[in-house]
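Data first, discussion second: the structure below is written as structure tokens.
The values are calculated or read from the model by the stated rules, or taken from the named source; none is laboratory data. Computed from a predicted structure; not experimentally measured. Using ideal geometry, Cβ is built from the backbone for each residue, glycine included, and neighbour counts are taken over all protein chains shown.
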Protein chains: 2
Amino acid sequence: MGESRRERLNRDRVLDAAVALADADGLDSVSMRRLATELGVVPMALYKHVADKDELLDGMVDVALGEVDAELPGPVDAAGWRLAVRGRILAARRVQLRHPWLRRVLETRTTRTPMVLAYTDALIAGFRSAGFSDPLTHHVMHALGSRIWGFTQDLFEDVNQPPPDPASFELLATAFPHIAAVAGVAVHDDGTVVARGCDDQFEFEFALDLLLDGIARLHDQGWLPPAR
Amino acid sequence: MGESRRERLNRDRVLDAAVALADADGLDSVSMRRLATELGVVPMALYKHVADKDELLDGMVDVALGEVDAELPGPVDAAGWRLAVRGRILAARRVQLRHPWLRRVLETRTTRTPMVLAYTDALIAGFRSAGFSDPLTHHVMHALGSRIWGFTQDLFEDVNQPPPDPASFELLATAFPHIAAVAGVAVHDDGTVVARGCDDQFEFEFALDLLLDGIARLHDQGWLPPAR
DNA sequence: ACCTGAACACCGTTCAAGT
DNA sequence: ACCTGAACACCGTTCAAGT
């Protein structure tokens with residue numbers, strides 16, 4: 001992880017190192033001090049290349065979002081709005097799976113970098129060019145919400161927790177029978193209790209298609225804003 | 001904000017003070033040291049009542065979720081699954097609006113307190129008692145995701161940002177015309193550009209109903225898991 | 001122009017001590 | 001049983017100085 005301390009520091013090297021550090025050791029490891037150590041430099045040296053930690057985080061977001069285009073499934077403009085939107089979101093999801101910290105950073109950021117705006121603009125263009133009205137496009141973007149970044153927005157950070165010991169499963173199953181049933185908890189013949197994990201990709205596409213189905217229906221029905 | 005330092009500390013006083021502090025000054029203000037000062041006590045005194053900061057945060061979640069029941073719109077079991085689910089989620093949303101820090105805490109927490117599980121169990125019960133199959137209920141809960149807590153899951157933390165100066169609006173409108181159009185940016189007769197904020201409650205209910213419509217349709221059609 | 005060193009005002013938490 | 005004091009290993013960042 002140590003880098004050669006020969007070459008001059010620059011903004012890109014700082015951002016790339018921050019992304020690599022977050023990928024490898026998690027977002028909490030990305031401190032100005034730790035990052036400086038990683039680059040073989042004193043903490044204050046970083047401040048010549050990023051104004052402060054906020055700007056570092058913004059820069060990391062841009063690095064990650066810059067990878068989305070390469071994931072796009074080719075020209076889909078002629079294939080209809082639905083494939084275009086779906087393809088772009090699933091491309092973002094692939095990027096996000098490579099950079100798990102992206103979600104937490106993007107969600108706490110308030111600054112909207114040009115990269116963030118460009119991505120959003122492209123998605124919105126997908127709806128508008130298919131004849132969606134501006135109000136409908138507006139609401140539909142809100143309904144998709146942070147799912148446009150490929151985020152799972154699940155109830156819990158880690159749906160596929162390491163299975164707890166059988167005893168606590170029994171406890172869960174008696175105290176919260178509905179959760180147990182729906183979590184896919186199965187009682188085997190020998191009395192042992194297990195839960196199978198979720199297929200995250202399936203759940204994501206299920207939810208995305210549920211939304212896109214509803215959106216298509218509203219558009220086809222000529223949805224109009226409520227009178228008031 | 002200073003509290004009488006007469007009465008003995010206990011877990012509830014610590015948690016209530018933490019919630020009050022987060023409500024008033026934001027989550028970032030809730031440090032063990034600051035909280036101790038608020039309670040007129042030395043930082044280490046808190047550790048007799050919560051094991052560490054994680055347990056403090058879990059406790060804060062429980063305090064907030066404990067307020068949901070009081071927000072429920074009365075018995076709705078007979079009114080059908082849709083009103084029950086919708087009512088519970090909108091009740092959670094009202095609680096969340098009083099405690100804006102809840103979202104960030106709940107999303108970063110990995111421990112699932114009994115309160116969190118009880119809330120989830122009640123929602124799931126709403127679907128199952130209406131005859132939803134366990135697999136469909138499972139996917140449907142994932143699709144709702146963190147929206148079950150009344151979270152908006154918007155693209156950005158603060159959709160209704162303070163309007164930037166007109167000059168940057170012009171810039172935005174030329175660089176990202178689709179965003180500008182859909183954001184409700186309007187060019188007035190005198191050439192000035194303004195954007196109206198969103199109605200958060202409308203957007204939330206629009207998205208929730210879009211999902212519930214889709215869910216109802218799948219259930220009515222007798223949705224079955226894909227063969228494999 | 002770029003990097004360094006020392007310092008400031010913060011964190012969460014451990015450990016040994018007080019009452 | 002409950003609270004305290006001093007300490008440790010961390011933060012982000014400012015300021016003045018080095019090359």
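The table for this structure:
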| item | result |
| --- | --- |
| Candidate set from the stretch B:93-111 (those that are surrounded by 18 or more Cβ atoms within 10 Å (Cβ to Cβ) and of a type in the set (D, E, K, R)); member that is farthest from the other protein chains (Cβ to nearest Cβ) | B:R93 |
| Subset tally (residues that are within 14 Å of DNA strand C (Cβ to nearest atom) and closer than 18 Å to A:R8 by Cβ) for the stretch A:18-36 | 2 |
| Cross-chain or 6+ apart pairs with Cβ under 6 Å, the stretch A:202-228 first and more than 12 Å from A:L136 (Cα to Cα), then of a type in the set (V, I, T) | A:F204/A:T152 |
| Residues within the stretch B:91-129 that are of a type outside the set (V, I, T) and either touching a residue at least 60 places away in the same chain (Cβ under 8 Å) or not in a helix (DSSP H, G or I) (or both), tallied | 9 |
| Some residue of the stretch A:69-92 being under 23 Å from A:L21 (Cα atoms) and within 14 Å of another protein chain (Cβ to nearest Cβ) | yes |
| Single residue of B:L35, B:L57 found to be more than 10 Å from DNA strand D (Cβ to nearest atom) and over 18 Å from B:T108 (Cα atoms) | B:L35 |
| Subset of the stretch B:50-90 [small (G, A, S), touching a residue at least 24 places away in the same chain (Cβ under 8 Å) and surrounded by 15 or more Cβ atoms within 10 Å (Cβ to Cβ)] | B:G59, B:A64, B:A84 |
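Okay, residues lined up against (1) at pLDDT 85 or above; (2) assigned to a helix (DSSP H, G or I):
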{"site": "A:F132", "(1), (2)": "yes, no"}
{"site": "A:P135", "(1), (2)": "yes, yes"}
{"site": "A:A143", "(1), (2)": "yes, yes"}
{"site": "A:L155", "(1), (2)": "no, no"}
{"site": "A:P164", "(1), (2)": "no, no"}
{"site": "A:E170", "(1), (2)": "no, yes"}
{"site": "A:T174", "(1), (2)": "yes, yes"}
{"site": "A:I179", "(1), (2)": "yes, yes"}
